[in-house]
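Asker: For reference, the structure I am asking about is given below.
The values are calculated or read from the model by the stated rules, or taken from the named source; none is laboratory data. Because the structure is a prediction, the values reported are computed rather than measured. For neighbour counting, all protein chains shown are included, and Cβ atoms are generated from backbone atoms with ideal geometry for every residue, glycine included. What goes into the accessible areas is simple: the full protein's heavy atoms, side chains included, and nothing from ligands, DNA or RNA. Shrake-Rupley method; radii C 1.70, N 1.55, O 1.52, S 1.80 Å.
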Amino acid sequence: MIDLCLANCKIPSKHDNYYIGVDEGKIVEIKKSPMTAEKTIDLHDKIILPGLIDAHVHFRDPGLTYKEDFKTGSQAAANGGFTTVLDMPNTVPPTNTVKAFKEKLDIASKKSVVDFGLHAGVSDLEEIEKIADLKPASFKIFMDLFENSFLVDVFKRFANLPHQYTISLHCEDKHITKHCSEELKNENDPKIYANARPPIAEVVSISAAIALSEYYDQKIHICHVSTKKSLELIHQARINDYPVSCEITPHHLFLSDSYFDNCGNFVKTNPPLRDINNRLDLRYLNKIDIIGTDHAPHSMEEKNKDLWEAPSGIPNLETTLPLLLNQINNGQMSFQDIIWLLCEKPSQIFNLAHKGRISVGMDADFVVLDMDKEWTIKPENFYSKAEYTPFEGFEVKGMPIMTIVRGNVVMEDNIVFKNQGHCVFD
Ligand code: DOR
Ligand code: ZN
Ligand code: ZN
């Protein structure tokens with residue numbers, strides 16, 4: 001007998017109700033008639049989606065666990081309907097050596113309640129090949145921290161590896177951000193932060209990234225695109241068939257720089273929120289590959305410091321899906337958009353062979369939705385240690401009510417249970 005039957009599931013794009021059979025963590029059957037199983041969960045016609053994949057989280061573990069750790073971060077993921085997360089390397093120590101990478105794998109294997117993969121950092125060129133053997137999701141480079149000369153060395157090095165690896169990029173030009181920030185150092189109104197790292201810093205950096213990608217035929221993934229001009233450049237690169245993919249965050253999708261007025265440093269993020277002439281919104285989603293949350297938690301104490309002292313970053317794992325479900329209820333998005341942007345496409349870009357689709361043979365990762373639930377976003381209900389959000393007070397319709405990782409229920413009615421997440425690349 002199989003382990004689990006999910007009964008009366010509503011799968012978007014399919015008529016009728018379905019029964020999904022799960023055995024040993026995999027989907028083994030999808031059919032219109034009931035099946036016997038050790039355990040049956042009746043979903044009462046609720047919508048079921050593949051578990052969401054967040055290709056961009058910062059769980060701060062090791063080294064900065066007062067902001068977040070792999071347990072609380074992954075609990076936040078489960079609470080938000082995410083079943084797989086890919087963690088960024090800017091921890092302490094950074095995940096840019098074999099030793100640090102193995103240490104973080106060990107931490108995540110013990111603490112994560114959802115499945116995970118790790119992005120590797122890049123510092124010492126000699127380490128790249130060694131880390132590659134440990135199967136990072138990608139190699140992440142913060143272009144605001146490096147000179148173009150170093151980037152050329154890195155791309156050259158990758159071009160000589162036996163396999164193609166994806167390079168994920170934070171695109172802001174080092175010199176432009178430094179120059180513009182210095183000009184504004186004496187001001188302390190959070191609003192001017194958008195000018196400290198202006199759109200042109202991103203545009204210059206993305207242009208360089210695309211040029212490097214073309215020249216070295218290197219697959220790149222451009223994180224958190226924030227301006228129209230950036231997206232135009234990326235779109236053109238794709239028309240030319242360069243191997244470039246891109247991501248948008250929920251804050252760049254839903255907010256503009258006007259949020260500095262009410263939220264101050266709580267919307268301070270890199271790249272910054274943009275004004276209405278430069279910002280992107282839902283109308284541009286058809287040119288974007290994935291939504292990545294860039295879940296970047298900090299402590300309240302840090303965020304309450306003055307503009308230049310406060311760190312950048314917004315926690316998003318527990319607000320992203322509700323905000324998107326609300327857009328579906330408003331007729332601005334479809335379930336297929338969510339499945340594409342947060343399941344199928346991230347799975348393709350980062351080679352998560354068993355994730356992102358509800359079909360036989362795939363991992364039994366799901367999120368179940370209550371599309372009628374009306375509620376107000378409150379950071380005090382977060383599992384994340386970062387109890388702030390610019391979306392506080394937003395009234396939304398639609399909520400994830402159950403998250404299932406490889407057949408195990410890890411969240412029900414916003415209670416997160418114990419579970420042992422696996423590395424997706426094992
Ligand atoms: O706002 C940001 N916060 N942008 C980044 O690129 C890093 C992130 C963080 O780690 O806090
Ligand atoms: Zn970034
Ligand atoms: Zn980030």
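Asker: In the range 79-120, what count of residues is obtained for those that are open to solvent by 30 Å² or more (accessible area, probe 1.4 Å), more than 30 Å from Ile339 (Cβ to Cβ) and away from ligand 2 (no atom under 16 Å from the Cβ)?
Answerer: Total meeting the criteria: 10.
Asker: Let me ask something else about it. Take the range 183-202 and flag every residue that is of a type outside the set (Gly, Ala, Ser), open to solvent by less than 80 Å² (accessible area, probe 1.4 Å) and assigned to a helix (DSSP H, G or I).
Answerer: Of everything in the range 183-202, those that are of a type outside the set (Gly, Ala, Ser), open to solvent by less than 80 Å² (accessible area, probe 1.4 Å) and assigned to a helix (DSSP H, G or I) turn out to be Pro190, Ile192, Tyr193, Pro199, Glu202.
Asker: Let me ask something additional. Take the residues in the range 29-70 that are small (Gly, Ala, Ser) and part of a strand (DSSP E or B); name whichever of them is farthest from ligand 2 (Cβ to nearest atom).
Answerer: Residue satisfying both the conditions and the ranking: Ala37.
Asker: Would you say Phe260 is of a type in the set (Phe, Trp, Tyr) and either within 16 Å of ligand 3 (Cβ to nearest atom) or open to solvent by 10 Å² or more (accessible area, probe 1.4 Å) (or both)?
Answerer: no
Asker: Output the residues belonging to the range 289-307 that are within 16 Å of ligand 3 (Cβ to nearest atom) and aliphatic (A, V, I, L, M).
Answerer: Within the range 289-307, Ile290, Ile291, Ala296 qualify.
Asker: For the range 263-296, which positions are outside any loop (DSSP other than H, G, I, E, B), in contact (Cβ under 8 Å) with a residue 12 or more places away in the chain and either within 15 Å of Ser312 (Cα to Cα) or out of contact with any strand residue (DSSP E or B) (no Cβ under 9 Å at 6 or more places or on another chain) (or both)?
Answerer: Matches in the range 263-296: Cys263, Gly264, Asn265, Phe266, Val267, Leu282, His295.
Asker: Could you list all residues from the range 163-198 that are away from ligand 1 (no atom under 16 Å from the Cβ) and either closer than 18 Å to Leu231 by Cα or of a type in the set (D, E, K, R) (or both)?
Answerer: Residues satisfying the conditions are Glu182, Glu183, Lys185, Glu187, Asp189, Lys191.
Asker: Name the single residue that is nearest to Thr177 (Cα to Cα) among those in the range 324-333 being open to solvent by 10 Å² or more (accessible area, probe 1.4 Å) and not polar (S, T, N, Q).
Answerer: In this case the residue turns out to be Met333.
Asker: Continuing with the same structure: So which residues in the range 367-395 are within 13 Å of Leu321 (Cβ to Cβ) and surrounded by 21 or more Cβ atoms within 10 Å (Cβ to Cβ)?
Answerer: Those that are within 13 Å of Leu321 (Cβ to Cβ) and surrounded by 21 or more Cβ atoms within 10 Å (Cβ to Cβ): Val367, Val368, Leu369, Phe391.
Asker: Then there's this: Kindly indicate whether any position in the range 311-333 is acidic (Asp, Glu) and in contact with a Gly (Cβ under 7 Å, 6 or more places away or on another chain).
Answerer: Yes; the residues of the range 311-333 include at least one that is acidic (Asp, Glu) and in contact with a Gly (Cβ under 7 Å, 6 or more places away or on another chain).
Asker: For the range 16-66: of the residues being away from ligand 3 (no atom under 16 Å from the Cβ) and acidic (Asp, Glu), which is least open to solvent (accessible area, probe 1.4 Å)?
Answerer: Across the range 16-66, the extreme among qualifying residues is Asp23.
Asker: Can you say whether Ile222 is β-branched (Val, Ile, Thr) and either modelled with pLDDT under 95 or open to solvent by less than 50 Å² (accessible area, probe 1.4 Å) (or both), as far as the supplied structure shows?
Answerer: yes
Asker: Would you confirm whether or not the range 334-352 contains a residue that is away from ligand 1 (no atom under 14 Å from the Cβ), more than 20 Å from the chain's Cα centre (by Cα) and surrounded by fewer than 18 Cβ atoms within 10 Å (Cβ to Cβ)?
Answerer: The answer is no, given that none of the residues of the range 334-352 is away from ligand 1 (no atom under 14 Å from the Cβ), more than 20 Å from the chain's Cα centre (by Cα) and surrounded by fewer than 18 Cβ atoms within 10 Å (Cβ to Cβ).
Asker: Regarding the range 90-100, can at least one residue be identified that is assigned to a loop (DSSP other than H, G, I, E, B), β-branched (Val, Ile, Thr), touching a residue at least 12 places away in the same chain (Cβ under 8 Å) and away from ligand 1 (no atom under 15 Å from the Cβ)?
Answerer: Taking every residue of the range 90-100 in turn, at least one turns out to be assigned to a loop (DSSP other than H, G, I, E, B), β-branched (Val, Ile, Thr), touching a residue at least 12 places away in the same chain (Cβ under 8 Å) and away from ligand 1 (no atom under 15 Å from the Cβ).
One line per residue, one yes/no per condition, for (1) farther than 30 Å from Asp69 by Cα; (2) out of contact with any helix residue (DSSP H, G or I) (no Cβ under 6 Å at 6 or more places or on another chain):
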{"residue": "Phe266", "(1), (2)": "no, no"}
{"residue": "Leu285", "(1), (2)": "yes, yes"}
{"residue": "Thr293", "(1), (2)": "no, no"}
{"residue": "Pro297", "(1), (2)": "no, yes"}
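Asker: Any idea which residue in the range 297-322 is nearest to ligand 2 (Cβ to nearest atom), counting only those that are open to solvent by less than 10 Å² (accessible area, probe 1.4 Å) and either aliphatic (A, V, I, L, M) or in a helix (DSSP H, G or I) (or both)?
Answerer: Ile314
Asker: OK, next. Which residue is surrounded by the most Cβ atoms within 10 Å (Cβ to Cβ), if the candidates are limited to the range 123-157 and must be aliphatic (A, V, I, L, M) and within 15 Å of ligand 3 (Cβ to nearest atom)?
Answerer: Per the criteria, the residue is Ala137.
Asker: Can you tell me which condition Ser168 does not meet? The list is (1) touching a His at 6+ places or on another chain (Cβ under 8 Å); (2) surrounded by fewer than 23 Cβ atoms within 10 Å (Cβ to Cβ), and all the others hold.
Answerer: (2)
Asker: Hey, could you check the range 320-369 for residues that are hydrophobic (A, V, I, L, M, F, W, C) and in contact with a Ser or Thr (Cβ under 7 Å, 6 or more places away or on another chain) and say which is farthest from Lys287 (Cα to Cα)?
Answerer: Of everything passing the filter in the range 320-369, Val367 is farthest from Lys287 (Cα to Cα).
Asker: Look through Tyr259, Tyr215, Tyr242 and report the one residue that is aromatic (Phe, Trp, Tyr) and touching a strand residue (DSSP E or B) at 6+ places or on another chain (Cβ under 9 Å).
Answerer: After ruling out the rest, the residue left standing is Tyr242.
Residue-by-condition table, conditions (1) assigned to a loop (DSSP other than H, G, I, E, B); (2) within 20 Å of Phe70 (Cα to Cα):
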residue: Arg357; (1), (2): yes, no
residue: Val360; (1), (2): yes, no
residue: Leu369; (1), (2): no, no
residue: Ser384; (1), (2): yes, yes
residue: Gly393; (1), (2): yes, no
residue: Thr403; (1), (2): no, yes
residue: Met411; (1), (2): no, yes
residue: Gln420; (1), (2): yes, yes
